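The values are calculated or read from the model by the stated rules, or taken from the named source; none is laboratory data. Since this is a predicted model, take the numbers as computed values, not measurements. In this analysis, Cβ positions are derived from the backbone assuming ideal geometry, glycine residues included, and neighbour counts consider all displayed protein chains.
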Amino acid sequence: MIKFLIKGVIRDRSRSVFPLLTVMIGVMLTVFLYAWIQGVQTSFIDSTAKFGTGHVKIMSRAYAEESDQIPNDLSYVGVKSLLKELRSEYPDLIWTPRIKFGGLLDIPDEQGETRAQGPVAGMAVDIFTEDSPEKSILNLEGAVVQGRLPQKSGEILISEEFANRLDIKIGETATLISMTMNGSMAVTNFTVAGTIRFGMSVMDRGAMLADVGDMQTALDMEDATGEILGFFQDFIYVDEKAEELKARFNARYTEETDEFSPIMRTLFEESELGDLMGMIGMFAGAILVIFVVPMSIVLWNAGLMGSLRRYGEIGVRLAMGESKGHLYRSMLVESTVIGFVGSLLGTMLGLGIAYYLQTHGFNIASMMKNSTLLISDVMRAKVTPVGHIIGFFPGLLATLLGTSIAGIGIYRRQTSRLMKELEV
Amino acid sequence: MRKSSPIFAICLIFVVLVFSQEPSGDWILEQLDENIGSDNKIVLSSMIVHGRRGSRTIESKSWVQGREKSFTEYLAPPREKGTKMLKLEDQLWTYSPATDRIIKISGHMLRQSVMGSDLSYEDMMEDPRLLKMYSAEIVGEETLFERSCWVLELVSKDDDNAYHSRKIWVDKERFVALKEDRFARSGKLLKTTEIKEVTRMQDRWVPRHIIFKDVLKRGQGTEFILESIEFDAEIPEYVFTKASLRK
């Protein structure tokens, strides 16, 4: 029977082509959009974690209150012992200290006077320790455009765009003017060892990267740091895990009476990404609903049109004694076949586009010129196991739903009038 | 005697009319600017910065010529000793002995705090003549620190000014602004200044103890204490050159 119905669907193309195309396009869009949203979500979380907040971040309570202003005067003191404790008590996380700082990078002429200068957003990370995780977290080697990574104290990296703007060459001196932890003016000479490009507008505009030990010396931050970042070993952020860790840490270390005691915050909390991710999740759900409902309406309409076109055929089949239930079921089987084939083709096409954008990405640098978001300039889709089935079932469901509504008309046909209708 | 009586009466009425009139805001600003003076002076001062982790005292000596030129050398603490700053009109350079560099402070750096205090470089660079930058209106009279004051609201004449508006309390007798609130264009209060002590030095009323507070920063503000001031001092011209920064 099913074979017979499939033959009918294939041979009578006007019965199958339009619903098939509708399902295929709808499924393709769903699969692609889902993969794209997954990619954007992952990109947001990854870049914010790696360049901003870690999966969890430890600061002094006072620093945490004003963390968006990078108040290094409120830094946490006693980093060495805290890091030691963290590494022994929470070994399933990677812990690394960081100092963020702002200031002016000044390039001298032969007389030692200002030749060029620009505002700099700096980050000090552990570069010199042999087993430092920062090199892989920030992909430092891959980010170097000219020169090399700093190898000795006093060497820094600056962003390629910034270096071009200041017209500074590798090996030249750059003076950082910033503020020490005590509020004094910090003026320190560094040597530019190389230039970097992270592929993030906000970092590439005017970034400077130095070793954390060098910056502790420059900013009078002995055994102090602005932030200690923690990363899950698998680099996958799970908010529940981070929240549980935060509760445990804060219960043990945070003291309400000491504003310089350490406090832990999660990535979602610190970056306010939680709200954004919630919105994206809602958006993804809405896409599916929006997809299933209008596609069902389109397919219902297609079913109605089909019923009109097949009005005579249905009448003959009823006149020949086929029961209404059997006829209705056979139409559902037909639509299942169309839905299956359409969903399969749509999934394949959607995944194809998603895989392409996962590999090659889509450059949004021109839109990110003034952005302050820690997000890559190249947005990529991300194909996940869910992406393989996300469009398939809604596609099948929409086809079935459309046909089942349109097919109700069969039950309205009155057998007594059939002969008269068929004469016409 | 009889002939001169009407003339005397008219003169008397004129004098009474003139002096009974409420002075204008601009006139008060003019008196305030005049009191600051534009002559040469050598100033020895201390700045106590009250941070959340403790307080620091920064001592400095400044040579000032008129309103356009000033040269400051920091004397203490050791971290700051030898740091020098030169202001020539609207330009500012700093010299750091540790790096032997002369660096021009410009752009966004001007908004940064000077030595961690509640004062920014922009505040330091500001022309002290308020009348040049603001139009003033008297909005009331109050008694502040037991002194009778005019309350003036100043609105910037130029978009380039660091503060869009200010509210100042001017001592009616001494023409010293005893209190000041500085506002952004949005109306947000940015900084406050309070003069705790005014002293008479060489026929002028000079603020001796001032408290600056950056409202956006936590902490108890920055105290400025004038240790000594020498008016009409002889200052050689070479002091106000970049070469003197390295000396």
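Of the conditions (1) modelled with pLDDT of 90 or more; (2) of a type outside the set (Asp, Glu); (3) farther than 30 Å from B:Lys84 by Cβ, A:Gly122 fails just one. Which one is it? Exception for A:Gly122: condition (3).
Just need a number here: residues in the stretch A:263-279 that are in contact (Cβ under 8 Å) with a residue 60 or more places away in the chain and either buried (at least 22 other Cβ atoms within 10 Å of the Cβ) or more than 13 Å from the chain's Cα centre (by Cα) (or both).
Adding up the residues that qualify gives 8.
In the stretch A:161-212, how many residues are within 11 Å of chain B (Cβ to nearest Cβ) and within 29 Å of the chain's Cα centre (by Cα)?
The first filter runs over the stretch A:161-212 and keeps only residues within 11 Å of chain B (Cβ to nearest Cβ), leaving A:173-190, A:206.
From the residues that got through so far, the ones that are within 29 Å of the chain's Cα centre (by Cα) too are A:206.
Count: 1.
The criterion of being among the β-branched types (Val, Ile, Thr) and either within 14 Å of chain A (Cβ to nearest Cβ) or exposed (fewer than 15 other Cβ atoms within 10 Å of the Cβ) (or both) does not hold for B:Thr193. For the stretch A:369-398, filtering for residues that are crowded, with 17+ Cβ neighbours inside 10 Å, of a type in the set (Val, Ile, Thr) and modelled with pLDDT under 80 leaves 1.
Of the strands (runs of 3 or more DSSP E) lying entirely inside the stretch A:196-276, those containing at least 1 residues that are in contact with a Lys or Arg (Cβ under 6 Å, 6 or more places away or on another chain) are A:227-232, A:262-266.
Mind checking whether some residue in the stretch B:151-170 is among the polar types (S, T, N, Q), surrounded by fewer than 16 Cβ atoms within 10 Å (Cβ to Cβ) and out of contact with any Leu (no Cβ under 9 Å at 6 or more places or on another chain)? Outline the logic, then answer.
Initial filter on the stretch B:151-170 (among the polar types (S, T, N, Q)): B:156, B:161, B:165.
Checking which are surrounded by fewer than 16 Cβ atoms within 10 Å (Cβ to Cβ) leaves us with none.
Scanning the stretch B:151-170 turns up no residue that is among the polar types (S, T, N, Q), surrounded by fewer than 16 Cβ atoms within 10 Å (Cβ to Cβ) and out of contact with any Leu (no Cβ under 9 Å at 6 or more places or on another chain).
For the criterion of being within 14 Å of chain B (Cβ to nearest Cβ) and part of a strand (DSSP E or B), A:Ile158 fails.
Any idea which residue in the stretch A:109-136 is farthest from the chain's Cα centre (by Cα), counting only those that are among the small types (Gly, Ala, Ser) and not in a strand (DSSP E or B)?
A:Gly112
Going by the conditions given, is B:Ser55 more than 11 Å from chain A (Cβ to nearest Cβ) and surrounded by fewer than 20 Cβ atoms within 10 Å (Cβ to Cβ)? When the stated conditions are applied, B:Ser55 does not pass them. With respect to being closer than 26 Å to A:Ser184 by Cα and either surrounded by fewer than 23 Cβ atoms within 10 Å (Cβ to Cβ) or not assigned by TED's automatic domain parsing to the domain that holds A:Leu157 (or both), A:Glu66 fits the description. Filter the stretch B:71-121 down to the residues that are of a type in the set (Asp, Glu) and away from chain A (no Cβ under 11 Å), then identify the one that is farthest from the chain's Cα centre (by Cα). So the residue we want is B:Glu73. In the stretch B:68-112, counting only strands (runs of 3 or more DSSP E) that sit wholly within it, the ones holding 3 or more residues that are under 20 Å from B:Ser45 (Cα atoms) span B:69-76, B:84-88, B:91-96. Of all residue pairs spaced 6 or more apart or on separate chains, those with beta-carbon atoms under 7 Å, a first member in the stretch B:191-214 that is over 30 Å from B:Arg111 (Cα atoms) and a second member that is surrounded by fewer than 18 Cβ atoms within 10 Å (Cβ to Cβ) are B:Gln202/B:Phe231; B:Arg204/B:Asn35; B:Arg204/B:Gly37.
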